[in-house]
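Accompanying notes for the structure given below.
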Amino acid sequence: MSTISIIGSGGMAAAIGGLAAKAGHTVQVLSRDAAKARALAEQIGAGATSGTFGAGPTGDIVILAVPYSAALDVVKQYGEALAGKLLVDITNPVAPDLTSFVTPQDSFGAQEIANAAPARAEVVKAFNAHFSHVLAAGTFVGHPLDVFIAGDGAQAKARVSALIKSLGLRPLDTGPLLMARTLEHVCLLSLGLMTHSVKNTHFAIGVSLPG
């Protein structure tokens, strides 16, 4: 089992932290709000701890579970403390209109995060395509949730895939980090469905494979 450091204390941090603790991983919660970090660690249980925001994460895998609006500042603040870490970007750089992005037209959220991270940090996109309460459940209508991933390092993606499998979920590799742009569009798809047809957030996007 691994030590997983989660930067953030919101719904996605709680969902991933809860699944990780249940799977036997050691969980560390980091947040600018120390009280929220401690509260989430207590909620997760199973020996989860909170740490000092900005200090070096104890986990080799670091989950960036903050809103995209704060993500770049967080990554820059941690700076070299993230060197050598596997940084899992779960963010979506969605604009307030819920139909566009706040990133430059020639870039995307995961790339901006990779640009802000130390050169020796590896960035993998994952966990961005589900609502937090759906992810926390781990399954949907009796089937494991699909978690799409994208990244440039084969070993890094293998480690994230192994983590995802250990949580009882199904990893689906979509290719290099460039594909994270497409995964961020999956978030827009979900928001469009929520707004115009499904009318709620009790659904999951996944892949049905024959056989």
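Just so it is clear, none of the values below were taken in a lab; they were calculated from the coordinates. Treat the numbers as computed from the prediction; the structure is a model and nothing was measured. Heads up, the Cβs are rebuilt from the backbone with ideal geometry, glycines too, and the neighbour counts pull from every protein chain shown.
Quick check on the stretch 140-149. Is at least one of its residues farther than 29 Å from SER208 by Cα and either touching a helix residue (DSSP H, G or I) at 6+ places or on another chain (Cβ under 9 Å) or in contact (Cβ under 8 Å) with a residue 40 or more places away in the chain (or both)? For the stretch 140-149, residues farther than 29 Å from SER208 by Cα and either touching a helix residue (DSSP H, G or I) at 6+ places or on another chain (Cβ under 9 Å) or in contact (Cβ under 8 Å) with a residue 40 or more places away in the chain (or both): absent. All told, ALA136 falls short of being more than 13 Å from the chain's Cα centre (by Cα), assigned to a helix (DSSP H, G or I) and over 20 Å from VAL94 (Cβ atoms). Checked against the criterion of being of a type in the set (Ser, Thr, Tyr), closer than 23 Å to GLU122 by Cβ and surrounded by fewer than 22 Cβ atoms within 10 Å (Cβ to Cβ), the candidates THR26, THR52 yield just one match: THR26. Looking at the stretch 78-107, which of its residues are touching a strand residue (DSSP E or B) at 6+ places or on another chain (Cβ under 7 Å) and not aliphatic (A, V, I, L, M)? Matches in the stretch 78-107: LYS85, ASP89, THR91, PRO93, PHE101. Listed here are the helices (runs of 4 or more DSSP H) enclosed by the stretch 1-101 that have at least 3 residues being in contact with a helix residue (DSSP H, G or I) (Cβ under 7 Å, 6 or more places away or on another chain) and under 30 Å from LEU189 (Cβ atoms): 11-22, 68-78.
Checking the structure you have, find out if any residue of the stretch 113-126 is part of a loop (DSSP other than H, G, I, E, B) and free of Cβ contacts under 8 Å to residues at least 12 places away in the same chain. Before the answer, list the steps.
Residues of the stretch 113-126 part of a loop (DSSP other than H, G, I, E, B): 117-121, 126.
Subsequent filtering for residues that are free of Cβ contacts under 8 Å to residues at least 12 places away in the same chain retains none.
Looking for residues that are part of a loop (DSSP other than H, G, I, E, B) and free of Cβ contacts under 8 Å to residues at least 12 places away in the same chain, one finds none in the stretch 113-126, hence no.
Check THR99, THR103, THR52 and return the single one that is β-branched (Val, Ile, Thr) and over 20 Å from LEU183 (Cβ atoms).
Numbers: THR99 fails: over 20 Å from LEU183 (Cβ atoms); THR103 fails: over 20 Å from LEU183 (Cβ atoms).
Checking each option against the conditions leaves just THR52.
Yes/no matrix, rows are residues, columns are (1) under 27 Å from MET1 (Cβ atoms); (2) in contact with an Asp or Glu (Cβ under 9 Å, 6 or more places away or on another chain); (3) buried (at least 20 other Cβ atoms within 10 Å of the Cβ):
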{"position": "VAL88", "(1), (2), (3)": "yes, no, yes"}
{"position": "SER100", "(1), (2), (3)": "no, no, no"}
{"position": "ASP106", "(1), (2), (3)": "no, no, no"}
{"position": "GLU112", "(1), (2), (3)": "no, no, yes"}
{"position": "PRO118", "(1), (2), (3)": "yes, yes, no"}
{"position": "VAL134", "(1), (2), (3)": "yes, no, no"}
{"position": "PHE148", "(1), (2), (3)": "yes, yes, yes"}
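Taken residue by residue, the stretch 170-191 has at least one member that is in a helix (DSSP H, G or I), touching a Gly at 6+ places or on another chain (Cβ under 7 Å) and among the acidic types (Asp, Glu).
Going through GLY24, GLY47, GLY84 one at a time, which residue ends up being closer than 24 Å to GLY153 by Cβ and among the small types (Gly, Ala, Ser)? Answer to the check: GLY84.
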